[in-house]
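Below is one structure; the comments refer to it alone.
The values are calculated or read from the model by the stated rules, or taken from the named source; none is laboratory data. Bear in mind the structure is a predicted one, so any value in this text is a computation, not a measurement. Counting neighbours? That spans all protein chains shown, and the Cβs are built from the backbone with ideal geometry, glycine included.
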Amino acid sequence: MKRINIYSLKQVKEKAGLYNLNSKKINCPDDAHRVITIVLDLQNEPVEKFGIISLNTKNEVTGLHIISVGTVNSTLVHPREIFKAAVLNNATSVILFHNHPSGDPTPSKEDIKITRQIELAGKIIGIDVFDHIIIGDERFYSLREKEDI
């Protein structure tokens, strides 16, 4: 006889809150930046944090996930962790985001490379990468807006 384990997968909501975001939809990089800064206050974090905003077919936020917490100048991220969270939220698209504790939101070569890898993985499984927002002190950088992806 062979023992076979049967599993189920459940998502656990850590917390919820009401936020004055002016809109339920994310239509542009400014909307995404507003959600990230109001809900997570990433611009004041001393280490890099990488996360996603999960979106439904109407570009409404279905969830926010911090995927990775790193050091003052880097964090590790892999497409499998990103899309695990997105699938659990029934996302049709995601917005990637992370902060630069230095205050300068200019993307590094690694930022652009990982964004392209994640975008390719998303195409394979049918979840679009809407944008990648990098948060600095007083400003942000949208890779989609600057055509880096």
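Among Ser74, Ser68, which is the only one that is in contact with a helix residue (DSSP H, G or I) (Cβ under 9 Å, 6 or more places away or on another chain), more than 23 Å from Asp30 (Cβ to Cβ), at pLDDT below 95 and among the polar types (S, T, N, Q)? First the steps, then the outcome.
Working: Ser68 fails: at pLDDT below 95.
Exactly one residue qualifies, and that residue is Ser74.
Would you please list the contacts, defined by Cβ atoms under 9 Å and residues six or more apart or on different chains, that run from a residue in region 1-23 that is under 18 Å from Asn90 (Cβ atoms) to a residue that is outside any loop (DSSP other than H, G, I, E, B) and at pLDDT 80 or above?
Sorted first by the residue in region 1-23, then by its partner, the pairs are Leu9/Leu88; Lys10/Leu88; Gln11/Gly63; Gln11/Ala85; Gln11/Leu88; Lys13/Gly63.
Are there any strands (runs of 3 or more DSSP E) wholly within region 30-149 with 3 or more residues that are buried (at least 16 other Cβ atoms within 10 Å of the Cβ) and touching a residue at least 40 places away in the same chain (Cβ under 8 Å), and if so which?
Working: elements: 49-55, 61-69, 93-99, 128-135, 140-142.
It comes to 49-55, 93-99, 128-135.
Out of region 73-106, which residues are over 15 Å from the mean Cα position of the chain (by Cα) and not small (Gly, Ala, Ser)? Lay out the reasoning, then the answer.
Within region 73-106, the first condition is being over 15 Å from the mean Cα position of the chain (by Cα), and the residues that meet it are 73-74, 101-106.
Hits for region 73-106 are Asn73, Pro101, Asp104, Pro105, Thr106.
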